[in-house]
Amino acid sequence: RRAIRPGEAIGVERPRAWSPSDPALYSATITLYADGVVSEVHELQVGFRTVRAAGTMIELNGKPIFLRGILDWGHEPKHIAPAPTPAEVEARFRGLRERGFNLVCLCMGYAPPWFYEVADRTGMLLWQQHPVWQSAMGEEHRAEYQRHYAQFLRRDARHPSVVLVSATCEHPCFDD
């Protein structure tokens, strides 16, 4: 534990790469101070991995990976709103793995925060499709979308399980 100054980088010596077969996670505690007094404390789990498009293949940590995914619309018959418990998500992932799947596509919505945390911990890959479908995307909205997508991508990048991101789904005007 040590204080980090604004803009200073933190390193982990020889970190294990996060992967579905070895979902190596590291703990980080972030303490924010205001006028010398603790203002907020955040406990995070982080993982290190690389994802890269290589022609028609996707590489995870420099090795090709074959994605076998299932679409998740967030429909939860047991819940009024899509809020499965962490235990339900873990059981769902276990069942999907038994059926040969290694990826869940979160289509047009955001799962509860623990959904992503369970995926990180269990090695389930995620494809996040952001819920921007048939929205007005004219030039007058560009700055707002850029601001939102910066926030979306910052949130996604925090989870090693998120290996694919779609800015929208089936939108005729999406250009960058």
Can you report the number of residues in the range 133-168 which are aliphatic (A, V, I, L, M), in a helix (DSSP H, G or I) and surrounded by 14 or more Cβ atoms within 10 Å (Cβ to Cβ)? 1
Those residues of the range 22-55 which are surrounded by 10 or more Cβ atoms within 10 Å (Cβ to Cβ) and in a loop (DSSP other than H, G, I, E, B) amount to Asp22, Pro23, Ala24, Leu25, Gly47, Arg49, Thr50
Filtering the range 1-21 for residues that are in contact (Cβ under 8 Å) with a residue 40 or more places away in the chain and surrounded by 10 or more Cβ atoms within 10 Å (Cβ to Cβ) leaves a count of 4
Among the candidates Glu59, Glu90, single out the residue that is in contact with a helix residue (DSSP H, G or I) (Cβ under 8 Å, 6 or more places away or on another chain) and either assigned to a loop (DSSP other than H, G, I, E, B) or surrounded by 10 or more Cβ atoms within 10 Å (Cβ to Cβ) (or both). Glu90
I'd like the full set of residues that are in a helix (DSSP H, G or I), open to solvent by 30 Å² or more (accessible area, probe 1.4 Å) and without any contact (Cβ under 8 Å) to a residue 24 or more places away in the chain, limited to the range 95-115. Glu98, Pro113
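The values are calculated or read from the model by the stated rules, or taken from the named source; none is laboratory data. Since this is a predicted model, take the numbers as computed values, not measurements. Because the Cβ atoms are built from the backbone with ideal geometry, glycine has one as well, and the counts that use them run over all protein chains shown. Accessible surface is based on the protein model in full, side chains and every heavy atom, while ligands, DNA and RNA are left aside. Shrake-Rupley method; radii C 1.70, N 1.55, O 1.52, S 1.80 Å.
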